[in-house]
Structures are given as structure tokens and as C-alpha cells.
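What follows is a single structure, written as C-alpha cells, with notes after it.
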Amino acid sequence: MSFSGDEGERTDVFAIPLAVEDREETNPVATGLQLLCVAGDDLGKTFALEARSMIIGRGKADLALRATDVSRKHARIWSSSGSHWIEDLGSVNGTLVNGAPLREPFALRFGDRVQIGSTILVFSRHDELEERLRQLQKLDAMGALVKGLAHDFNNTLQVILVGIDTLEELHGGDRSDAHAVLADMTRAAESASGLIQRLLRIGRTQPEALEPVRLDAVLTDALAMARRMLPANVTMQIAGSTEVQVRGSRGELQQVLLNVFVNARDAMPDGGTIDIHVRTLELDRTVAKQHHLQVEGTYVELAVRDSGIGMEPSVIERAFEPFFTTKGEGKGSGLGLAMIYSTIKSHGGAVLLESEPRRGTTVRIFLPVAR
């Protein structure tokens, strides 16, 4: 048995403090001691050690965890002799400290990792300065998200602005063309409204509900908006069956495709071709893993290939990093691919990049088929 001495070294002892009430202790709340969840269903949650003796478990336990592999009274943590001790209470799955099974009471020191079932907790002290730093980091992350949404919003507004210019040119001309432009502008406005809803959802803990979405409808809307943003020397062609349903958010998937098309356009300053190919695949566990997918099953692959300048391997490695861009100053936020990656991952899918310098780029998007 050991405890942390003044020098941070462990010293063997032969007696375990038993009765917490026998000694006057510093109020644990005042010291800010806590257990921080770094893995498991309570990831990111902090549990303040508010009493001198607390039960860790499920249900009505003092420190109640959400994981189902935790016993109702799994372990006990208490303070005595200036230290915090932990012991297993005969739990089904046992308690580990720093990877070692806990067979007798153990004196914790800062940084020790306590594993309760599949939940991992780190013994630490709440620091007001660290808390402020975390808040700043949250604000920074929120700023990055808002910047990414602004990037998407700008793409949507471009469709509307181009549509207005086109209507001015068509004034007095063919009304059917005018109706087509108005339809595109309406879709763009609806997409912009969806982006605003995403801004309003910032800070909510519940993920957005996904529902069956027809891929052909998503593609039709995205293609209609993209065509208004493409120069005359860029052509688009599509192959494969798009009559399939995926689980997702129609607005978010539409924005993903619009971002992919805009990136393809920017990679072809002298014009070129954007080829879209759709197919349905049955992937076993091995192949699913190779494609960075979590589970086996039926997926739709949507591959978008441009004939542009392509990318070096070093660029591909960083392509999904937020704020990374090879475009010139003021020409790109570096958030397009990052937002694509984040959205597709949240839909249970994956994004792969294939590219070579001067040989174009293929963006392969995998989405699970809705049952």
C-alpha cells in the first residue's frame, strides 16, 4: 500500500485509515477535488467530491454513472489523513486504478485514472484558471463553427445573387427561364434558412434527428444551385442510380454536396469536368473498416471527381483540418472540407480523398442506406 508524500513519491504504509469521522478534515468542496470522466457515457462530465465519503455506482449512488456495466454500489471514495482513498465494493466488473485491478484501498494522487466498468475517471482538482481556459476554448470552437457556417452561408447567397443577375438579363425574355432561376433562388433561400437553424442549435446537447432522405432529391437541389455558380467552361455529368434513401438531414447533405462542387470548381480555374457517380455497396466488417466506417452494412457511395489541379500527398493528409487551405489569401476559409467531414461522420458515414497532382481529385462519400 502506498500514498503520495511531499516529494510526489510513493511510500509503503501498513495501516489504512478506516473511520472518516475520527479526524477533522478539510472540506473537500473547498479544495475543488473532482473526478473527470475521460471515457465512457459520461465523457467530459466532472463529479465534484462533495462529501468525505461517496459511493460510485448507478441509480441512487452519490456519484451516479450512466454506463450499464457499472454496479449500483461499485466503489467508494473517501477522504482521510489528507488523502483521498478508493476501494472496490465487490462489483461485478471490478475497479482498476492506472490499469491495475483494485484489491485493497488505494490512496489517489492527481492524475490517477480510475476505471469503473467502461467508464474512466481522472482524479484531479478544479482550477478556476483552467475553467476559464476551457470556456475560452469553447468560445474558440464556437467561433470556428460560426465561421464554417458563414462559409456555407456565403455559398448559398452566391446562388441567390447570381440568380438576381440572371433575372435582370432575362427581363422581358423567356418566362420559363425566369421561373427556373426563381426556383433555384427559392431552394437557396431555404438552404440559408436551414443554416440559420444550425446556428440556433449551437450549444444544444441533443444531436439533430436524422430521417430517411431521398438521395436523388438532395442531388437535384444541390446540382441546380451549383450550376448557377459554375462558369461556362465547367461541365457536370452524373451516372448511376440515385433512387435510394439515406438517413440524414436533407439541408446538411445538400450543403455538403454544394461545398464539394464549389471545391471542384475552384480546382479547375481553366475549366474542366465534374463527374458524379453513385452506387450502392454491401460492405462486410473488414471492408467497412478499410473505408473508415464503424459498422458493416449497405452503403451508398457518392463519388465526385474533378479534372483539376489535384493535390500532393502532404496536402491530402491535412485536407480535413479546420482552417487548412491552399487557396490564396481571402479566397478560402479552410473550413469547407472540415465541415464536409464533420457532417458526414455525424451521419454515420465516411469521406475519402483520392488525388494526384495534375490528375484531379475524387471525393468519395459513404452514407448508410435507410432501412
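The values are calculated or read from the model by the stated rules, or taken from the named source; none is laboratory data. Computed from a predicted model, the values in this text were never measured in an experiment. Neighbour counts are summed over all protein chains in view; Cβ atoms, including those assigned to glycine, are modelled from backbone coordinates with ideal geometry.
Yes/no per residue for (1) at pLDDT 85 or above; (2) outside the structural domain of ALA224 (by the TED database); (3) more than 17 Å from ILE340 (Cα to Cα):
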{"residue": "LEU253", "(1), (2), (3)": "yes, no, no"}
{"residue": "ILE276", "(1), (2), (3)": "yes, no, no"}
{"residue": "VAL287", "(1), (2), (3)": "yes, no, yes"}
{"residue": "TYR299", "(1), (2), (3)": "yes, no, yes"}
{"residue": "ALA319", "(1), (2), (3)": "no, no, no"}
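Taking region 290-304 on its own, how many of its residues are in a strand (DSSP E or B) and surrounded by 16 or more Cβ atoms within 10 Å (Cβ to Cβ)? Lay out the reasoning, then the answer.
Kept after step one, since they are in a strand (DSSP E or B), are these residues of region 290-304: 297-304.
Okay, now just the ones that are also surrounded by 16 or more Cβ atoms within 10 Å (Cβ to Cβ), so 297, 299-304.
Result for region 290-304: 7.
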| note | With criteria (1) modelled with pLDDT of 75 or more; (2) closer than 20 Å to ASP270 by Cα, VAL315 comes up short on (2)
| query | So which residues in region 79-102 are under 19 Å from LEU63 (Cα atoms) and in a loop (DSSP other than H, G, I, E, B), if there are any at all? | reply | LEU89, GLY90, SER91, VAL92, ASN93, GLY94, LEU102
| message | Considering only region 198-214, I want to know if a residue exists there that is within 22 Å of GLU301 (Cα to Cα), at pLDDT 85 or above and touching a helix residue (DSSP H, G or I) at 6+ places or on another chain (Cβ under 6 Å). | response | yes
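Just checking, does region 264-279 include any residue being within 23 Å of the chain's Cα centre (by Cα) and crowded, with 18+ Cβ neighbours inside 10 Å? Before you say what the answer is, go through the steps one by one.
First, the residues of region 264-279 that are within 23 Å of the chain's Cα centre (by Cα): none.
Checked against the condition, which is being within 23 Å of the chain's Cα centre (by Cα) and crowded, with 18+ Cβ neighbours inside 10 Å, region 264-279 yields no hits at all.
Does ALA48 count as over 13 Å from THR119 (Cα atoms) and either under 30 Å from the mean Cα position of the chain (by Cα) or outside the structural domain of GLN115 (by the TED database) (or both)?
yes
Just the residues that are in a helix (DSSP H, G or I), over 21 Å from ILE164 (Cβ atoms) and not polar (S, T, N, Q), please, taken from region 213-237.
Quick first cut of region 213-237, residues in a helix (DSSP H, G or I) only: 215-229.
Now narrow it down to the ones that are over 21 Å from ILE164 (Cβ atoms): 215-220.
The answer is LEU215, ASP216, ALA217, VAL218, LEU219.
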| task | Find all pairs meeting these conditions: Cβ atoms under 6 angstrom apart; at least six residues apart or on different chains; first residue within region 277-298 and over 21 Å from VAL244 (Cα atoms); second residue assigned to a loop (DSSP other than H, G, I, E, B). | result | ARG285/GLU296
